[in-house]
Amino acid sequence: MSASFSRDTIARADAEIQEHLAQDRLEDALAPLDRFVGAYRRTPNLLIDKASGMLLAGELEPALAYLDPVLAGGANFDWAYYARALTRRLLGQEQGVQNDLLQAMAIVQERRRRHKLHFDGPMSHLLAKYAPEIRWAHAVDLPLYHLALGEEGDAAQLYQEALRQLPDLLLRLARRRLDLFCTIFPQQGGAQALQERIQQQQQLRSERGPADYNQLLQQLAALHEAGVLSEEEYSAKKAEIHQRIGAQWLRAFE
């Protein structure tokens, strides 16, 4: 184990997170994880909201003028590349669209690789405890970027795989991002079909939320807190339950 991930370092990070959470300092609580994993949670929401608003309002030139300096300044933010690609496409400036989308995909793939390393490493229990959703964060936007490239088959396959594991929070985010794409490009039938599938998935989750599974998860958590189940046993059993839930939901799309 490297010095960066020594047991003392991990214990201090856990204690720091707990202290911040106890005082409702949620942003500060993310700092220890950011130091290890990178700013995976600090998504520039202002940029997303502003660029999305410009696109929906048809303010294409201002949107481009807003995004160009962001990326010229070295921002390694995939959504900025994606938003600029859409803006250029709407302006009829196809040159550069593919490069922007490929750059966005490359950033997501690298983030996915880095997060997998951390989830498989000594920080895994902290990440599973405080930020389990980042394991699947790539599944929110990666299929969307394939869709924007016209690779509808790849996009459909990635969305299909994502439905196995995406937590509700990330599924809602994926839906919002896809809704924006469908609003801007209503003529793209493949996107509309994928939008309907996500809507169906959300409906299934709301109607068929397995109370028995939820109860079992609560019981497992209680056993873990009581020390009956080790961390490894608890994680394995919880993963098995989530896999069963995912399989149950996925059968509706086969």
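The values are calculated or read from the model by the stated rules, or taken from the named source; none is laboratory data. All values derive from a computational prediction rather than experimental measurement. All Cβ positions, glycine included, derive from the backbone under ideal geometry; neighbour counts span all protein chains shown.
Tabulated data for the structure shown
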read-out	value
Identity of the residue in region 69-98, polar (S, T, N, Q), part of a loop (DSSP other than H, G, I, E, B) and within 16 Å of LEU149 (Cα to Cα), that ends up modelled with the highest pLDDT	GLN93
Residues of region 46-94 that turn out to be hydroxyl-bearing (Ser, Thr, Tyr) and surrounded by 23 or more Cβ atoms within 10 Å (Cβ to Cβ), as a count	3
Criterion: touching a Leu at 6+ places or on another chain (Cβ under 9 Å), at pLDDT below 80 and part of a helix (DSSP H, G or I) - qualifying residue of LEU47, LEU55	LEU47
